[in-house]
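Structure record follows, encoded as structure tokens.
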Amino acid sequence: MGTGVNAPGCPKRRKALSIPVARGYNPLDMDALTLGYSPCPNDTFIFYALVHGKVDTGGLGFREVLEDVETLNLMASRQELDITKVSFAAFAGLRETYALLRSGGALGRGCGPLVVARERTGIEALRGKRIAIPGMNTTAFMLLRLLDPVLGENVSAMPFNEIMPAVRDGIVDAGLIIHESRFTYPSFGLVEVEDLGRWWERETGHPIPLGCIIARRSLGKEFAGKLERLVRKSLEYAFARPEEPVSYIKMHSQELADDVIKNHIGLYVNDYSLDLGDEGVSAVEALFNMAEKRGLLKPGGSPLFF
């Protein structure tokens, strides 16, 4: 399985500090909290100000851990991070120990994962075929199985940046692509078979919930509120000065052209990233409810928030 490998431009993996947190513990007593997010432009844009001292944190420090989202999903499952970006599909199984923050997430319309192949075909023709996916815990894979459970029976998990070459070279029959691959797959000679975001919107009427920011429940509700405000301030800073984070973004995504970076941020960073709002929360609940009804998630679980 290909999970746990750094994305292009991602720094070498830094082992996250596993911090046991007890009731009544004061995060300000620590040097820094571990903060996980991906090297993709939307995340580095959101967190630039927070990790570069551009917003007042009240003395709170963060140690950034940049990893591919599937690696972050797995790290969170081992409780190795205090605050982190994860796939919504992964968060569904982490609600006992982590709670959802309202800021910093990736939701929207017209931004869902794509199924691509070398030749144009119908999605039903891929039943039984080998499909590359960006991770077993990703929202993309959950959506694929919601569309058609049979499509999830013969998959090969690999880092998202390896999927398009694998499809092009015939290693797999099709690929489930995410992130900036949405903009670059034609350059690999690939064609779209299915837009899972469009399918989701047609089925539910909701925006597609892709990724979110979560925090350890043991940090407490009051402190989580502070984290939400800090993430929101960091994003507001970037919105007000969009050119300032560019060098930091390129540091971790050196292979991306300027127009791809701009389109990536424009697609995945929006008002839902500032605050999920009622519409965003309803979308998350709809995703989890559908997954439970179709046997992809265990019924019940802890609430979304603190």
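The values are calculated or read from the model by the stated rules, or taken from the named source; none is laboratory data. A quick note: this is a predicted structure, and the numbers were derived from the prediction, not measured. Counting neighbours? That spans all protein chains shown, and the Cβs are built from the backbone with ideal geometry, glycine included. Surface areas here come from the heavy atoms of the whole protein model, side chains and all, with no ligands, DNA or RNA. Shrake-Rupley method; radii C 1.70, N 1.55, O 1.52, S 1.80 Å.
Roughly how big is the range 49-127's charge dipole about its Cα centre, with Cβ charges of +1 (Lys, Arg) and -1 (Asp, Glu), in debye to the nearest 20? Charge dipole of the range 49-127: 300 debye, to the nearest 20. Residues in the range 143-149 carry Karplus couplings, in order, of 5, 4, 6, 5, 5, 7, x Hz; the curve used is 6.51 cos²θ - 1.76 cosθ + 1.60 with θ = phi - 60°, and Gly or Pro positions show x.
Taking trypsin sites (Lys or Arg not before Pro) across the range 29-122, the ones in a DSSP loop with at most 12 further Cβ atoms lying within 10 angstrom of their Cβ are ARG78, ARG120. Using a probe of 1.4 angstrom and keeping all protein chains present, the accessible surface of the range 69-126 works out to 29 square angstrom per residue. So for the range 32-85, taking the charge dipole from beta-carbon charges (+1 Lys/Arg, -1 Asp/Glu), which of GLY36, SER77, PHE62 sits furthest toward the positive end? Sorting the options by dipole projection puts first PHE62. Roughly speaking, to the nearest percent, how much of the range 168-268's 1.4 Å accessible area is carbon and sulfur? In the range 168-268, the share of accessible area belonging to carbon and sulfur is 49 percent.
Between PHE183 and PHE305, the FRET efficiency estimated from the beta carbon spacing at R0 = 35 angstrom works out to 0.60. Using Cβ point charges alone (K and R +1, D and E -1), the dipole size of the chain about the Cα centre works out to roughly 600 debye. Given the options ALA238, LEU267, ALA291, identify the residue whose Cα lies farthest towards the positive end of the charge dipole of the range 223-306 (+1 on Cβ of Lys, Arg; -1 on Cβ of Asp, Glu). Projecting each Cα onto the dipole axis, the largest value belongs to ALA291. The modelled label-to-label distance for the pair LYS298/ARG202, using points 7 Å beyond Cα in the direction of Cβ, is 3.5 nm. Label separation (ARG109 vs ASP258): 3.1 nm, computed from points 7 Å beyond Cα along the C-beta direction. This model, with +1 at the C-beta of Lys and Arg and -1 at the C-beta of Asp and Glu, gives the range 170-280 a dipole about its Cα centre of some 640 debye. In a fully extended conformation the segment linking LYS226 and GLU192 would gain 8.1 nm over its present Cα-Cα distance, using 0.36 nm per residue. For the chain, the extents of the C-alpha atoms along the principal axes are 56, 43, 34 Å, listed from largest to smallest.
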